[in-house]
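Reviewing the structure listed below.
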Amino acid sequence: VHGDFTLITKHSLMSAHRELYDLLEVDPSASTADIRKSYMKLAKKYHPDRNPGNEEAAKKMQEISAAWDILQDDEKRGIYDAHGLEGLQGMGGGGGGGGFADIFDLFGGGFGGRRRERPTKTEDTRQGLQVELQDLYKGKSRNFRISRNVLCATCKGAGGKDGKKPAKCRSCDGHGVKVVLRQIGPGMVQQMQQACPECRGEGELLDRADRCPDCAGAKLVERQETIELVIRPGTRHGEAVTLHGKGNEAPGLAAGDVVFVIQEVPHAVFKRDGDDLRITKQLSLAEALTGFAFPIKTLDDRVLVVTSQPGEIISPGQVKGITDEGMPRNRNPAIFGTLFIEFEVVFPESLPADSVAGLRALLPRPAAGPAPPADAEVVHLTVKYRKEQQSAQQYDEDDGHGGAGGPGVQCRQG
């Protein structure tokens, strides 16, 4: 204590969660070095090489290794001190174990932690599906041939013939996994979990003579099926279309889903923008000034003739729309978006000299500007500007070769 202030180190505050510290026989205020020293002592005491066939020692080794994995990391230790094991749920596992889900399984009953919930259905199958824009407009039904695992009909997913039941696997004691300890240094071990090779992670085994003849005790068989996928009009890019219950089956679990993620194929003419469609149309200067009519073939194979209003003039870059000719609205296909047309006006390089006066007479007069002085010079525009030309010139200047004005400036050395 210095004056009115108390110096507090990172872990000197007493943690409300002591389970892992008690496992390693240290106080919550212990330094990382002290925790490591205690872990090394306990690891030597409970090492499987010193306790062959001792299941209690093996379990103790798993627990102290999991506790060390958390407390040796400052970030994980801080979360544990504040929130306990539940605060670590969802974090990635450490290098020495099978992840925090396994730690919850390890400590679930002994310390009041919450054991992770077991899945109720098999994992979903997801895959991308490329769909043409016209099929997203009109909607489409497609058939697919899939291969999936289903419960064996002969043994009804039990794996045994004539009602024979599997027995607990002796190799993994019915857990389906085995903990393998690997020495990575003097007094240092790394624990890893792997599926039991004897029961293939099932936790139970059937004698070869008792296995179902159709599935060989695997409880599942592979089946080919044809499924129908319905794509609604207006379905969007990235949308998931789900076929419920068409995934793999497994004993004791509901079948997962088959999920297709729509991937829109770019169209040569139309570009989608939500419920709207966009196209680009080039007009000649004559069409932009005097009117136009051109056809558009829609995504459902109709033909629209787009015409201008009498006397209407289209400027370059102008965008105009046709209502109800866009995409059908998703889940409400009776409502359509707008088809927008962006116009590009192509100007001629020049005009016949004898037609200029007549054209000028037809067009609105330009606004009168200030009169030039008597000694003003008359010049003509003869050089055409191109962006690529400007970029090349800039590159030459940056490269030290100078531009059109000659070589770059050089500094005289003193």
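The values are calculated or read from the model by the stated rules, or taken from the named source; none is laboratory data. This structure is a prediction, so every number in the text was calculated from the model and none was measured. Positions of Cβ are backbone-derived with ideal geometry, glycine not excepted, and every protein chain shown enters the neighbour counts. For the accessible areas, the whole protein counts, side chains as well, though only heavy atoms, and no ligand, DNA or RNA atoms are used. Shrake-Rupley method; radii C 1.70, N 1.55, O 1.52, S 1.80 Å.
Numbers for the structure displayed
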item	result
Set of lysines with alpha-carbon distance to residue 138 below 27 Å, sequence-local pairs under 8 removed	246, 271, 281, 297, 320
Protection-proxy order for peptides 312-318, 19-25, 36-42, 73-79, each taking the mean of Cβ atoms within 10 Å per residue, highest first	19-25, 36-42, 73-79, 312-318
Restraint check, 60/164; 121/165; 60/168, Cα-Cα greater than 31 Å	60/164
For segment 11-73 versus segment 263-340, the gap between their alpha-carbon centres in whole angstrom	71 Å
Among 245, 175, 227 the positive-end extreme of the charge dipole of segment 132-278 (Cβ point charges)	175
DSSP-assigned coil residues among GluC sites (Glu not before Pro) in segment 335-370, each with at most 16 further Cβ atoms within 10 Å	349
Cα gyration tensor, segment 221-298 - rounded (a/c under 1.5), prolate or oblate	prolate
Per residue accessible area of segment 320-378, 1.4 Å probe, in Å²	80 Å²
